[in-house]
Amino acid sequence: MSELLALLGFTLAASLVSFFLFSEPNRLKAITALWLVVLIFSAPLMNTEVAGISYRLVTEEGDPHHGLPDIWDGEQVVCIHFPDNSTNAEYDDGLHHIDSNGTDFMTAAGANSTGACIGGFSGYENGLDLLLDATEQAGGTLEVVYSDSEWGIFVTSIGGFDPEAQWGNAYWSLYHGGAMSMVGIGDLALENDSVIVWRVDTW
Amino acid sequence: MPAYHVLDLSSSQMLMLNIALLALIGLGLLHGERRLEDGRRLALLGLLALFGIAGRVLLAPLPNIQPVTLIVLLAGMHLGARHSILLAAVIALGSNLILGHGIWTLYQALGWSLVGCLGALLASRQDSISTLLVAAALSGFLFDFVVSLSILHAVGPESLLPYLVAGLPYDLLHAAGNVTFAAWMGAPLAEMMRRHNLSELSLEAGEGVTSPA
């Protein structure tokens, strides 16, 4: 909020300078263009502030879509939560919300973790297919590395973070529908409104 | 032959390219309009629709900033509600054929039509720049509210308020963009529309008013 206030102060001062520097009709053009540019560059800050308020207005509980944008209700979502002390530099300012067309439309700074939720998908029947397509939509910053063994698919790294290599006793853990998945991502059958969550657990 | 398609432009370079293209299209609009005889309202509507579609598509990298709302508002003020509604529907459909067509197209056409009607209501104050600036800002919020209602097809009414709150920064950008477009393009666009408004021409020629829109 303090950054926004500082920006507001700067813009008001610059508007005042423009007022005396230009005469009509250029004065109006200069001031409106200045405000527009400032608003464009401060949009991520405003989004973060407003997303926290919006989050608190969402009161639904006990459903896997709880806390996710309502536009994704009834659709498939993949969430990746990075550990507090090993967050991804791309997503260290909160929980990003990325639509199925790749648009990063909201960052919730008030969320309990950092990372990204990519949602708005439908028609996927297999967990791995959804995971790979969703992370690809995020622009490659959430690249998934996995190994294929006789036990099935094992995800070793997401977004460049490999828990076992970092900590030894940790791994990317898969949750489906709010509970830990009993099968691996390669064998996970999805529902129409499945929410897949990846977070780092330890053993 | 060199493979130019491998030249990847950054998003800011692409935006600069798009703004340059839009400026060229804007110049084309000005040039094309000057070659029209006075009173060619439908031809002008075609040029405005083309400019609106190009503006919306080319400025898509900017969040919720495009010239369509101002064009429709001015069309309502100077050409009447019916023509602004036609313009709104054509621009919504035409631009969404490129950006993505769906149920939201209907809401966008409705939103811009209401903006056009707002313009028509303010027709008597069409020479006031302050009225135009305020109406342009309000139109951003009005349009976004109407389009936001489309989520009620997918979720319950209790979800509307959080959705509207989350969209406030985008509403603000839309309003600011409209005001900026009004400051930069309002006068030439209004002048262009006045030249092709049949009822105004009739009044100037002393023939009396036939039909306002």
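The values are calculated or read from the model by the stated rules, or taken from the named source; none is laboratory data. Bear in mind that the values here come from a model prediction, so they are computed numbers and not experimental data. Cβ sites come from the backbone with ideal geometry, for glycine too, and all protein chains shown count toward neighbours.
For this structure, a couple of remarks:
- Region B:20-40, residues that are exposed (fewer than 13 other Cβ atoms within 10 Å of the Cβ) and either part of a helix (DSSP H, G or I) or among the basic types (Lys, Arg) (or both): B:ALA20, B:ALA23, B:LEU24, B:LEU27, B:HIS31, B:ARG34, B:ARG35
- For region A:87-125, filtered to residues that are part of a strand (DSSP E or B) and polar (S, T, N, Q), the residue that is nearest to A:PRO69 (Cα to Cα) is A:THR107.
Residue-by-condition table, conditions (1) crowded, with 22+ Cβ neighbours inside 10 Å; (2) closer than 13 Å to B:VAL115 by Cβ:
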{"residue": "B:LEU42", "(1), (2)": "no, no"}
{"residue": "B:ARG56", "(1), (2)": "yes, no"}
{"residue": "B:PRO63", "(1), (2)": "no, no"}
{"residue": "B:VAL68", "(1), (2)": "yes, yes"}
{"residue": "B:ILE71", "(1), (2)": "yes, yes"}
{"residue": "B:SER84", "(1), (2)": "yes, yes"}
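- Screening B:LEU58 on (1) closer than 17 Å to B:TRP112 by Cβ; (2) among the aliphatic types (A, V, I, L, M); (3) touching a residue at least 40 places away in the same chain (Cβ under 8 Å) shows it passes everything except condition (1).
- Residue under evaluation B:HIS174, criteria (1) within 14 Å of another protein chain (Cβ to nearest Cβ); (2) in contact with a Leu (Cβ under 9 Å, 6 or more places away or on another chain); (3) at pLDDT 95 or above; (4) buried (at least 20 other Cβ atoms within 10 Å of the Cβ), criterion not met: (2)
- Any hit, region A:126-135, residues being out of contact with any helix residue (DSSP H, G or I) (no Cβ under 6 Å at 6 or more places or on another chain) and part of a loop (DSSP other than H, G, I, E, B): no
- Of residues in region A:67-84 being within 14 Å of A:TRP198 (Cβ to Cβ) and either without any contact (Cβ under 8 Å) to a residue 24 or more places away in the chain or of a type in the set (Val, Ile, Thr) (or both), the one nearest to the other protein chains (Cβ to nearest Cβ): A:VAL77
- Flag for B:LEU149 being within 20 Å of A:GLU49 (Cβ to Cβ) and either out of contact with any strand residue (DSSP E or B) (no Cβ under 8 Å at 6 or more places or on another chain) or at the interface with chain A (Cβ under 10 Å from one of its Cβ atoms) (or both): no
- Taken over region B:114-135, residues that are surrounded by 14 or more Cβ atoms within 10 Å (Cβ to Cβ) and touching a Gly at 6+ places or on another chain (Cβ under 9 Å) amount to 13.
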